[in-house]
Structure formats: C-alpha cells, structure tokens
Amino acid sequence: MSLPPGFLDELRNRLSLSQVVGRKVMWDQRKSNQAKGDMWAPCPFHQEKTASFHVDDRKGYYYCFGCHQKGDAISFVRETENVGFMEAVEILAGEAGMQMPARDPKAQEKADHRTQLVEVMEMAVSHFRLMLKTGAGSAAREYLARRGLNEAALERWEVGFAQDAWQGLWDHLKGKGVEDDLILGAGLAKPSTKGGKPYDTFRNRILFPIRDARGRAIAFGGRAMDPEESAKYLNSPETALFDKGRSLYNHGPAREAAGKGQPLIVAEGYMDVIALSEAGFGATVAPLGTAITEDQLRLLWRIAPEPIIALDGDSAGLKAAMRVIDTALPLLEAGQSLRFALMPEGKDPDDLLKESGAEAMQALIDAAIPMVDLLWRRETEGKVFDSPERKAALDKDLRAVIARIKDPSIRSHYGQAIKDKRWELFRSRPKAQGTGRASWSPGPWKKGQGRGWAPTPPVLQSTKTSLLATADDQAQEVLREAVILAILIRRPDMLEQVESRMERLDMIGPDHGALQRVLLRHAHEGAEVLERTIVERIGATALEKLYALNHVRITPALRHPDDDEIVQASLNEELMKLEAARGLRREIADAAQDMDTLPDEGVTWRLGQAAEARNKALRSQTEDKATYDVADNGTLLNRDERDALDKLLAQIDPIKTKGK
C-alpha cells in the first residue's frame, strides 16, 4: 500500500515521540528536561539500570548510547510491538486520530480475510476452554492438576480441550454461521479424502492457544491424551495467520516481562513455559516444536540481547542446543549472543521447579554459560588429543566453525577465546609425583608401550653433582627466556611463527611465566596494547627488569626491531638453543632414570660427557644453522646435539643389557 505525500510528515507532527516512547519506559526525572523535549530513560531495547536512552522531541528521533538503537516513532513501534511498517503506521494513526488512506482493493481484501480468521480463532479458543470444564474434559483436568496447574493458571493460559470427536469443533462453528473456507483457512479442520465432511484438526487433546506479539490468537498447540497417539504434541498447520518458524509461544507477555528487567528464557515446550512463568520467570518463550530458526533468533534478540536457552538435560536437549549454536553463529553481532542454562540430566525446567523450587532454577539461570563455552565443549568433549594429528584435526574443526561468524570483530574475539581454551587444554598436565608443580615432559620409550607423556623423573643425586645442573646453565636459560620474551613483546606480530613452540616452553625466570601467559593471550592486539596489559596485570617493574638485562639490551633484534630478518633470526636462534638445552637434559634424565636400578659405575662420567657435548654444541659458532633434526620428544636439535644424544644412548644400551 502506498501512502499519499505528506501523510507520514503529518503523522509525525501530530505525535510527540516522548508520548509514544513513554508507554514503554520510565523517564529519569533528574536527567530529563521536558520543557526542551530532552528526555532520558533506561533503554527498552536492552537491559540496563542507567538512563542511556535519549529522546529528542524536537527532532523526533531517539538514540541509545548503550546498544546504539535509533529511529523515529514508526521504527520505535515496529521494534517494540514487533509489527510491520504499515501496521506501525496504523497504530500511530489511530493514536493521532488520523484516517488511514484507502487501501488497494486486493490488499484490503487480504487484511479483511486475516481479521476474519482471527475472529474464528477466538471462537475456537472459547469453545475449547468450555470443553475443558465439561465431563468430556475430566481426564484432561486431572492430568493438568497432576502437572501442578490450578484453575487460576488454566484461566490465565486459556487452556482448553478438544473432545474425542471427528466434527466437534466443526459442528460448533457451523452452528455459529462460520463459512467452511474460514474454518479450513484457520487450520481448525481438514478436508476429508473420502468425500465426507471436513474433520477437526485437534481431537482428544489438551490445547494451548498460540498468540502473536500483539495478542491475537493465530494457532493452537495440542497435547495428546491417548498415550498411543503417534504425535504427542501437534501444532496447527501453517496458515495465513501462522508461520511456525516465525512465531514464539508466550511472545507478548515475555516481551513485556523482559522489558521490566527479567532475563529472557527459551524453554522447550508449552508446559515448561507455563511452569516457569507461574514460578516467577515471566519472560519465558518456546519455539513451536522445531529447532530454533533464524527468524525466531531475530525475534528473541529484539526482546533481549542475550536470551538464555534452557533445554532439557538429556542427549536430545544437548543436541538441540548444538543446533541452536550452528544457527546462531552467522547471525552474531556485538552485544547480541546466547547463553545456555543446562538442566540436570534427565530433567526439564518443570521437573526442576517441582523438585527443587524456583531458587534452584534461578541458580541455573545465574550460572548460564556463554555460547563459546558450549561450542568448545562440543568440539573437545570425549576426545583425546594425544598426537599432533589429532590436535591438528581439532584446529581445523575450530577454524571451520569460527569462519562461519560473519561479523569480523566477533570472529576475532571468538578466535582469541578459543585460542585461550586451547592453550589451557594443552598446558593442563597432572603434577609430577614428589614435586610441587606440573612438570611433564615426553617420557622415555618403554617396550610394548611406545613413547608417551610421562612425569619428569626425580633428579638423581648423581645428576645433581654433574655438569648438567650447574647454576650457570640455569642462568643461561633464564637469559634466553628474557631475550625471547623481550623480542616478542616488542614485535608481537612475530608470535604467529613460533606460537606452538612458545606454548610448550616452561618458563623458570621470575615473572617469565606471567609474561608468557599475557603475551600468548594479547599479542594479537599489538605492541602498545600488549605492554599496557602487562603493566596492568603484572606491573611496570617486570618490564623494566626485563629490558634492563645486558643480554637483552645487546640483542640484535632489540637494537634493530624494525628489521624483520634480524628479528626473526634472533628469535629462532634463542628458541632453538633453549629447546636444545632442555630437550637434551630431559633425554639424559630419562636415560638416568632407566639406569636407576643398575650399578652406579660410569653413570656420572657419562652424564658429564653428555653435558660437555651439549655445551660444545651450543658454543659452536660455525654450526650449520640451516639443518636441524627433531628429537623423538619433539625437541629441536642441531646436528652436533643430535650426534651427542645418539652417542650417549648407544653407550647406555649395552650397560642396561648387561645389568639385566
């Protein structure tokens, strides 16, 4: 329908935007200036306590400084009433006392037909409610009483009953003079395939009226009384009034309750909605027998920025939650997401309320987890990541999931959150026996078992007295850690090239572990933000001490931070030498542990020789930096170090064989 020129301008001139908005908000009297048409209130589009929603009556526009919603009187009615443009104009025209222009004949005919269908639906609501009170509805009343619904609740929710008859409603409506096409068009009856009278859609079912956001009856949901019925729940077929994927049960009342500050809860079915609402959770809705659709998600986000999905605590409920995640990912926007309240296993919200009360339900709502947590659980639960291939498969799956998010900012934050969780997963290792912290390393090869992750063996007395554990060794490692951290803090863009190696490093220097954690989490934000975050989290002293070290100051990468080639070469060299020293020490410690039960002769000498071979390799300035091997435990070693390790193990094997 087209509107004549000037109609909308006249409509806006006749209405005060503050009057239109004032139906939905409470003005902040201290902040508002009514004389100037400068009004402030808590925003009706998102939950908040401060008055960040501004209405400029003179210009006829509103704007929220929190969620950034903006518009005029028409857009306000569209958003808050969930109606189309023309319906919003009609509502405002009625308030302004303006006559709507004549519609196109076909459009008018369609609107009149919808109005007639709504009238027929209301007649059906009244009939079904009456049937529940008759003798035919006694079994239904008993069932509802067992479910905890008293007479007052049945009245509030307009619960009805369809008698067990083929033409019970049909005959009633025909007796009221309703035309056949209206009964069929409302989805209340179906034509007979045998040439007889149409028959009722709902028979021997408890009925729940489904109303749109404006409160008009558009459909029914029916719960079968016969346990042998193939469909336990049955909705009206789709009609000119009812689109199942674009409707929500209890939409209007839930929107009103959410506007008063209640959390928006999405339950699975009618009885859950009724039980939750009766228990005080008035902002509760349910999809209508299908997985939540994109259109339903958009309806939910119009009501609240973070609806809470409260599905049954069984496998079907969890699968439904995962389907919701897949649907929601491409639609996510800033401040627009989902949270999930997982019910105890085998229970729905109605069960929980009956057994533990509203306090237990409130506790679950308060503990609702962000969508990213449930997404991580889906990708990792029940899986073992004990090989590079499995870890790579996880990374591939996670990248594919995150790529579905269209908003670049949301995609970036999801990537960082997943990266943090991945880092924690692969860093979470049980404590080594007899030590105070988690200290795990690739275990030695065991016959019939292969090489796997095993606790770092306790340090033997012979090892403590060897060249392997000198203070100078530890000091050198601390310095190398400092150089590596300093380079990456100044050039966090280089982290991507060495990230997996940095994740595996166990820092031993003071503050180095804390610096490592902040670096891994915030490097993507740039050097300036990274340094500021370090100061906030750890303190400025940690950075000052790091940069004050002579070894750090003279590092080429710190003297020429803009030269990518120098920075990359320095970083790789320091990492390589640190990994070589620690990797070889672990190999030697493993070998020493294997010989713990053998005679002690020669052990100290061999360990000393191995340490000297390692030191010689690290001091070599002419080593071939282009060729490196990877030890069995994943440690990067150069050729000299690899040869030293092979020589040591060759010496150990005959002794082990002789001892056995």
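The values are calculated or read from the model by the stated rules, or taken from the named source; none is laboratory data. Everything quoted here is computed from the prediction, not taken from an experiment. Note that each Cβ is placed from the backbone with ideal geometry, even for glycine, and that neighbours are counted across all protein chains shown.
Table for the structure above
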| read-out | value |
| --- | --- |
| Pairs with Cβ under 6 Å, 6+ apart, first in the stretch 16-41 and under 19 Å from residue 97 (Cα atoms) and touching a residue at least 40 places away in the same chain (Cβ under 8 Å), second among the small types (Gly, Ala, Ser) and buried (at least 16 other Cβ atoms within 10 Å of the Cβ) | 17/60; 17/73; 20/73 |
| Helices (runs of 4 or more DSSP H) enclosed by the stretch 147-256 - at least 1 residues per element that are closer than 30 Å to residue 293 by Cα and in contact with a helix residue (DSSP H, G or I) (Cβ under 7 Å, 6 or more places away or on another chain) | 151-156, 180-185 |
| Inter-residue pairs, beta-carbon under 6 Å, first within 14 Å of residue 329 (Cβ to Cβ) and in the stretch 407-426, second acidic (Asp, Glu), 6+ apart | 407/333 |
| Flag for residue 601 being of a type in the set (Asp, Glu) and at pLDDT 85 or above | no |
| Any hit, the stretch 487-501, residues being surrounded by 15 or more Cβ atoms within 10 Å (Cβ to Cβ), closer than 22 Å to residue 420 by Cα, at pLDDT 90 or above and in contact with a Ser or Thr (Cβ under 7 Å, 6 or more places away or on another chain) | yes |
| Members of the stretch 119-138 that are among the polar types (S, T, N, Q) and assigned to a helix (DSSP H, G or I) | 126, 138 |
| Some residue of the stretch 144-154 being exposed (fewer than 12 other Cβ atoms within 10 Å of the Cβ) and among the hydrophobic types (A, V, I, L, M, F, W, C) | yes |
| Strands (runs of 3 or more DSSP E) completely within the stretch 29-107 that count 1 or more residues being over 16 Å from residue 17 (Cβ atoms), among the basic types (Lys, Arg) and not assigned by TED's automatic domain parsing to the domain that holds residue 304 | none |
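Yes/no per residue for (1) surrounded by fewer than 18 Cβ atoms within 10 Å (Cβ to Cβ); (2) modelled with pLDDT under 85:
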{"position": "9", "(1), (2)": "yes, yes"}
{"position": "17", "(1), (2)": "no, no"}
{"position": "59", "(1), (2)": "yes, yes"}
{"position": "71", "(1), (2)": "yes, no"}
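To keep it simple, each residue is scored yes or no on (1) within 30 Å of residue 364 (Cα to Cα); (2) not aromatic (Phe, Trp, Tyr).
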{"residue": "166", "(1), (2)": "no, no"}
{"residue": "172", "(1), (2)": "no, yes"}
{"residue": "184", "(1), (2)": "no, yes"}
{"residue": "208", "(1), (2)": "yes, no"}
{"residue": "226", "(1), (2)": "no, yes"}
{"residue": "240", "(1), (2)": "no, yes"}
{"residue": "260", "(1), (2)": "yes, yes"}
{"residue": "265", "(1), (2)": "yes, yes"}
{"residue": "275", "(1), (2)": "yes, yes"}
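Yes/no per residue for (1) buried (at least 16 other Cβ atoms within 10 Å of the Cβ); (2) within 25 Å of residue 581 (Cα to Cα); (3) modelled with pLDDT of 85 or more:
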{"residue": "514", "(1), (2), (3)": "no, yes, yes"}
{"residue": "525", "(1), (2), (3)": "no, no, no"}
{"residue": "529", "(1), (2), (3)": "no, no, yes"}
{"residue": "535", "(1), (2), (3)": "no, no, yes"}
{"residue": "538", "(1), (2), (3)": "no, no, yes"}
